[in-house]
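Remarks on the structure that follows.
The values are calculated or read from the model by the stated rules, or taken from the named source; none is laboratory data. Bear in mind the structure is a predicted one, so any value in this text is a computation, not a measurement. Heads up, the Cβs are rebuilt from the backbone with ideal geometry, glycines too, and the neighbour counts pull from every protein chain shown. All accessible areas refer to the heavy atoms of the entire protein, side chains included, with ligands and DNA or RNA removed. Shrake-Rupley method; radii C 1.70, N 1.55, O 1.52, S 1.80 Å.
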Amino acid sequence: MRHVGRLVFICVTVLRYGLDELALGSFRQRWLRALVRILTIGRRPDQPRGVRLRQGLERLGPIFVKFGQVLSTRRDLLPPDYADELAKLQDRVPPFPAAQSRALVEAAFRRPVEEVFASFDAEPVASASIAQVHFATLQDGREVAVKVLRPGMLDVIDGDLALMRTLAAWIERLSADGKRLKPREVVAEFDTYLHDELDLVREAANAAQLRRNMDGLGLVMVPEMIWPLCTHNVIVMERMKGVPISQVQRLREAGVDIPKLARDGVTIFFTQVFRDGFFHADMHPGNIQVSVDAATFGRYIALDFGIVGTLTEFDKDYLAQNFIAFFRRDYKRVAELHVESGWVPKETRVDALEGAIRAVCEPHFDRPLKDISLGQVLLRLFQASRRFNVEIQPQLVLLQKTLLNVEGLGRQLDPELDLWTTAKPFLERWMREQIGWQGLAARLQNEAPRYAQLLPELPRLVHQALQRDTAAAERPLLEALLVEQRRTNRLLRALVAALCGFAAGALLMLVLLY
């Protein structure tokens, strides 16, 4: 009955915001199209379709808001107006009661709050659909932030996901765009994403990895995790103090160099992507602050590590070569990279793909560099490549979404920011390090332990290989010899049998004569 009630609420919300027209408009069945016309009689939506979709998801609650946020990253599947509106979804929900939060903390640590913390702020400083955050002080005086998972989330998520899977199956079966939009794959991706977020230890591990990677760069701060106080539903981390990056005027009054801050953001992003292959993939303004303390003045403060992206060496090399080819307007090389990567069928005509890429990129290059959006170029490239059956990789979609966030954040800080000029030297230096002598030396150094183990064994391995080769070469001769030996044995048996018969016959004749 609970699921039936939830389904009724969803249907009412869909009708209220006119989402039925959006959802059923692409269906092939005539009776469905007739149903849409009947349902929309006398209804005149006063908002664009993207706005209505965003408002409907907000009305449906936190899980659908999360789904809209994840869906906004799949710009390769959505019309631009949908994606732009879904990107505005804010994950803001009322906090759950302080007494309940306190009980969850005590259950996680199996002792009273007073034994764990010298002080614990009952009122949360931030509240989202998955968790909320409280400030506290440890017994040794360290100031910390306590993140508490919202209770009952697993049942709510599983219930809504079951409805989403059913709706996705119907859409894929009935909609003309069903196969292209891959609704069941999107829901499965959302399922994995949400269940990962429900394990706060995973978020703590992501933060620890980013903290190690960024150590020594001197541009970004990541809170330290208090590992003895980290569980799957409660984690405790170092409290970070800074000014939200969206408060530009306040930062300017504090003396922060805003243009440098914008360039540093680009440097941090490209370092995480191309040096580490492990990047913070939720870099919206709500998760970024700037330190104004004397010791760390002007550094970024990163928060909320539930979503991170990872790239393989192959991905990094592919991206770097693509970006450099873009900078040089070498569209043929971009097309060749798509084919070499296996993301388009091998029979794809390189010249046709090159023409599509040129049509995407050339209009951007006719504008001043500071007005060119690298994220938008990448987005348009994904959309143009769709007709060539390009398989858009999930990690690259997440990267493109993060690049749009970084680019928007940088230009919010400094409208004159030239992302291309800032990124090009970094990418070219990275390519030299990968392809030149520095890259060769680095790879040899990385492989040195393996070489040290293999070199003493090399003579024995060569000997074994030669023995196997010799045995393989001699095998046909041995088989032929065995065949010849079997034939000779048969002849000998026949000859012995004939001699025995002759002897027996001669003996019988002698007996008869005498």
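Residues of the range 313-351 that are open to solvent by less than 60 Å² (accessible area, probe 1.4 Å) and outside any helix (DSSP H, G or I): S341, G342, W343, V344, P345, T348.
Is it fair to say G355 is over 19 Å from E433 (Cβ atoms), small (G, A, S) and part of a loop (DSSP other than H, G, I, E, B)? When the stated conditions are applied, G355 does not pass them.
From the list R367, R275, the lone residue that is at pLDDT 80 or above and open to solvent by 30 Å² or more (accessible area, probe 1.4 Å) is R275. A single entry from R275, R202, R250, R212 fulfils the requirement of being in contact with a Pro (Cβ under 9 Å, 6 or more places away or on another chain) and assigned to a helix (DSSP H, G or I): R250. Please verify whether A136 is surrounded by 15 or more Cβ atoms within 10 Å (Cβ to Cβ), within 30 Å of L409 (Cβ to Cβ) and under 31 Å from the mean Cα position of the chain (by Cα), treating the condition exactly as stated. Judged against the criteria, A136 is not a match. Screening the range 139-158 for residues that are open to solvent by 10 Å² or more (accessible area, probe 1.4 Å) and in contact with a helix residue (DSSP H, G or I) (Cβ under 8 Å, 6 or more places away or on another chain) and picking the one that is nearest to A207 (Cα to Cα) gives K147. Tallying residues that are within 25 Å of T296 (Cα to Cα) and open to solvent by 50 Å² or more (accessible area, probe 1.4 Å) within the range 218-241 yields 5.
Would you mention how many residues in the range 206-261 are of a type in the set (D, E, K, R) and within 28 Å of the chain's Cα centre (by Cα)? First the steps, then the outcome.
Going residue by residue through the range 206-261, those that are of a type in the set (D, E, K, R) are 211-212, 215, 224, 238-239, 241, 250, 252-253, 257, 260.
Still in the list and also within 28 Å of the chain's Cα centre (by Cα): 211-212, 215, 224, 238-239.
Selection size over the range 206-261: 6.
Pairs are defined by a Cβ separation below 9 Å, a sequence spacing of at least 6 or placement on different chains, a first member in the range 44-65 that is under 19 Å from Y193 (Cα atoms) and open to solvent by 20 Å² or more (accessible area, probe 1.4 Å), and a second member that is at pLDDT 80 or above and not in a helix (DSSP H, G or I); the pairs so defined are P62/I130; P62/R150.
Results for (1) in a helix (DSSP H, G or I); (2) open to solvent by 60 Å² or more (accessible area, probe 1.4 Å); (3) at pLDDT 70 or above, shown as yes or no for each residue.
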{"site": "V397", "(1), (2), (3)": "yes, no, no"}
{"site": "T402", "(1), (2), (3)": "yes, no, yes"}
{"site": "N405", "(1), (2), (3)": "yes, no, yes"}
{"site": "L417", "(1), (2), (3)": "no, no, yes"}
{"site": "P425", "(1), (2), (3)": "yes, yes, yes"}
{"site": "R432", "(1), (2), (3)": "yes, yes, yes"}
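When V133, V105 are checked against the criterion of being more than 22 Å from Q69 (Cα to Cα) and among the hydrophobic types (A, V, I, L, M, F, W, C), V105 stands alone in meeting it.
A residue that is in a helix (DSSP H, G or I) and surrounded by fewer than 17 Cβ atoms within 10 Å (Cβ to Cβ) occurs nowhere in the range 304-312. Out of (1) buried (at least 17 other Cβ atoms within 10 Å of the Cβ); (2) of a type in the set (D, E); (3) at pLDDT 90 or above, the odd one out for D293 is which? Condition (1) is where D293 drops out. Note on the range 117-159: residues that are of a type in the set (D, E, K, R), in contact (Cβ under 8 Å) with a residue 24 or more places away in the chain and part of a loop (DSSP other than H, G, I, E, B) total 3. Taking the conditions (1) surrounded by fewer than 20 Cβ atoms within 10 Å (Cβ to Cβ); (2) at pLDDT 65 or above; (3) touching a Ser or Thr at 6+ places or on another chain (Cβ under 8 Å) in turn, R28 satisfies each one other than (2).
Quick one: in the range 168-197, which of the residues that are surrounded by 15 or more Cβ atoms within 10 Å (Cβ to Cβ), of a type outside the set (D, E) and more than 20 Å from the chain's Cα centre (by Cα) is modelled with the highest pLDDT? Looking at the filtered set, the residue picked out is A168.
The number of residues in the range 242-267 that are within 26 Å of E428 (Cα to Cα), at pLDDT below 90 and of a type in the set (A, V, I, L, M) comes to 2.
Can you find a residue that is part of a loop (DSSP other than H, G, I, E, B), under 25 Å from G286 (Cβ atoms) and modelled with pLDDT under 95 anywhere in the range 98-116? Give the steps one after another, and end with the answer.
Keep residues of the range 98-116 that are part of a loop (DSSP other than H, G, I, E, B), which gives 110-112.
Of the ones still in play, those that are also under 25 Å from G286 (Cβ atoms) are none.
No; the residues of the range 98-116 include none that is part of a loop (DSSP other than H, G, I, E, B), under 25 Å from G286 (Cβ atoms) and modelled with pLDDT under 95.
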